[in-house]
Every structure is written in C-alpha cells, then in structure tokens.
1. Would you please state which residues of region 89-127 a label at LEU140 would reach in this model, taking the label point 7 Å out along Cα→Cβ and a backbone N cut-off of under 20 Å?
2. Under the rule of at least 5 residues apart or a separate chain, name every residue whose amide H is placed under 5 Å from the amide H of THR38.
3. Starting from the coordinates of the alpha-carbon atoms of the chain, obtain the Kirkwood hydrodynamic radius over all distinct pairs and give the value in Å to one decimal.
4. Give me the angle, in degrees from 0 to 90, between the Cα long axis of helix 239-250 and the longest principal axis of the Cα atoms of the chain, rounded to the nearest 10.
5. Hey, what D do you get for region 1-131 in µm²/s if you plug the Kirkwood alpha-carbon radius into Stokes-Einstein at 37 °C and 0.692 mPa s?
6. So what is the 222 nm mean residue ellipticity for the chain from helices alone, if each DSSP H run of at least 4 adds -39500 (n - 2.57) and you divide by all residues, rounding to the nearest 500 deg cm²/dmol?
7. Please compute the per residue accessible area over the chain with all protein chains in place, 1.4 Å probe, rounded to a whole number of Å².
8. How far, in degrees from 0 to 90, does helix 85-94 lean away from the longest principal axis of the Cα atoms of the chain, to the nearest 10?
Amino acid sequence: MISGMKQQLRALASRVRAARAITVMTGAGVSAASGVPTFRGPEGLWRTFRPEDLATSEAFARDPALVWEWYSWRRARVALCRPNAAHEVLARWSQDASRQVRVITQNVDDLHLRAGTRNLIRLHGSLWETRCFNGCAAGLRTWRDEDSTPDRLPRCPHCGGLARPAVVWFGESLDAGDVEHATQAASCDVFLTVGTSAVVYPAAGFARIAQTRGAFTAEINLESTPASSLVDLSILGPAEDVLPAIDQLLS
Ligand code: BV8
Ligand code: ZN
C-alpha cells in the first residue's frame, strides 16, 4: 500500500495519465461541497428520514404527498447549488477526445450534467424527472419537471394517474440500458470510486467487476468504506481537493 498523501496523488496521477479508458463512479460525497446533503453520515438525510418511509414505491403508495414533499424540498435545495471543483475536473476529463472517460453516478442532483460531463450514466435517475406511477404505456417515458413547489400532486398527462419522481427506489430495478452501459464502462484501465459509501447495490459492485477485468482501482473518500480494502489505492480526502490536485499533476 502506498502511504503519504503526496505519493498517493502522484501514483494515481501517473495511472490516470497512462490510461486510455477511465471510469469514475460517483456518490453523494462528490456533491457535498456544493451543499447537497449526503444520505449516510452525521449530517446525512437518513439521520432524519427513514429510507423505507420515503424512497420505496410502498412509501409512495401509502403517502404520495409526504414523498412529494421530500422530493420537492430536495429539488428546491439542489436548485440553489452549483457544481464544485470535483464535478468540473470530471467534466473536463470527459470532454477530452484523446481518450475515453465515462462517469457513472448514483447522484440524482444532475450537477455532473450541469458541469458539462459527457458519457454520463445516471444509475438512479434524476431529481428533475417525473414519470407515471401507474406505469401506463405512454407514461413509461420520463418528463422534465422543475416544479419544486407543487400546490397539488403531479399527475400523468396520459392517464391522469399519480406521477412519481423518476428516481430508482430501494427494491426497484435499475434501467436495463444504464446497467448495460455501466457494465461496459467497467472495462477500463483505471476505475475510480469517489464520494460513495459503497453500500448500495448494484452500484457498489462495479469496482470489483472492473478489478476482475484488470483495471487499476482507486477510491477517494473522506473515510474508509467497504470498497477501501478492495481497491488498489485508497485516498482519504475531499473529492473537491483531491481531483483538482490529480488534475494539476497531469499537466
Ligand atoms: C436493485 C433513491 C434489483 C433516489 C436510493 C446486493 C447486496 C445487498 C443488497 C442488495 C443487493 N442488491 C440489491 C440490494 C438491495 C438494495 C441495496 O443495495 N441495499 C443496501 C443498502 C443494503 N438495492 C436496491 O434496491 C437497488 N435495486 O438492486 O434492483 C432488485 C429488485 C427487486 C428486489 C431486489 C433487487 C436500487 C438501489 C437504489 C437506491 N436509491 N435513493 C434518491 O432519492 O436519491 S439510495 C441512495 O443511496 C441514493 O440514491 C444514493 O445515490 C445511494 C448511494 O449513496 P451514496 O451516494 O454512496 O451516499 P452516502 O451518503 O451513503 O455516502 C456519501 C459518502 O461520501 C460517504 O462515504 C462520505 O464519507 C463521503 N463524503 C462526504 N463528503 C465527501 C465525501 N467523500 C469525498 N469528498 C467529500 N467532500
Ligand atoms: Zn400514466
């Protein structure tokens, strides 16, 4: 194991420099410096709210107004946030035509998109999209919905039934196309897992898939996670500092 922050940064920068294909898996920690609350941890959303009360289809069926209230609150909060230095570095890397940089995110805040990231896979959907809760044929597609203060429950324009946030809740399958793209992206030279507690599957499994396919794997997080003992290099530090530091070592 490489010790000493400077040596770790240099080691990762040299891997990144040599790589032709890089895949980055991001989680809530990447958006923390933008002011978006994380889920787990001392200030996390799951301290105040129980996931099973808010992030399952059973919760929505039981109390759609409560679930919409939570998502509207999150929309309003994220609308005030801006991409930070971590999003910006990843966006720049993804725009480099000389190699393939793919970003897989568990975040629903769209800050990677707003930073201009290309080749983005949004595994858990978007806070800003809505779809039919009944699953009517026409309402299977999502539609953009920026309203963060709805005065009544959003409805499906096709069947008139309730509309729901187009995010992936616990117990729900991820979009098959997204999973396929993420599985393809796990074939890379360097796989980075950044700002995620690495406990939610299938997202947390892609680092191991990448490693078994021969990728160099590294983690950037404020603290150790279940991924730390798996990866080749674990850097303990804030993503908004570590990614710009690596980026600077590349030039
Ligand atoms: C599914 C809704 C098939 C969107 C979310 C295999 C093993 C065990 C369990 C399972 C398994 N396979 C499936 C499961 C069940 C379940 C699961 O994983 N459960 C776990 C928790 C035990 N998975 C599912 O249900 C998935 N579906 O597998 O479908 C299926 C179908 C039917 C029946 C069974 C299976 C669906 C998962 C989707 C969950 N959706 N939310 C929303 O409203 O946002 S959860 C959610 O967690 C968020 O979406 C978030 O994206 C995700 C992951 O969280 P993180 O991003 O990692 O955030 P967290 O707060 O945890 O961590 C932040 C980290 O950042 C911390 O480590 C912190 O130290 C660090 N940090 C903080 N600041 C910084 C920083 N790091 C760097 N810099 C900083 N500045
Ligand atoms: Zn409908």
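1. 122-126, by backbone N distance to the label point.
2. LEU45
3. Numbers: mean 1/r = 0.0531 Å⁻¹.
Kirkwood hydrodynamic radius for the chain: 18.8 Å.
4. The angle comes out near 40 degrees.
5. Working: Rh = 16.6 Å.
This corresponds to a translational diffusion coefficient of 198 µm²/s.
6. Numbers: 11 runs with 91 residues, N = 251.
Value at 222 nm, helices only, nearest 500: -10000 deg cm²/dmol.
7. Numbers: 12040 Å² over 251 residues.
Computed with neighbouring chains in place, this is 48 Å² per residue.
8. Compared with the principal axis, the helix lies near 80 degrees.
The values are calculated or read from the model by the stated rules, or taken from the named source; none is laboratory data. Please read these numbers as outputs of a predicted model, since none were measured by experiment. Please note: Cβ atoms are built from the backbone with ideal geometry, for glycine as well, and neighbour counts cover all protein chains shown. Surface areas here come from the heavy atoms of the whole protein model, side chains and all, with no ligands, DNA or RNA. Shrake-Rupley method; radii C 1.70, N 1.55, O 1.52, S 1.80 Å.
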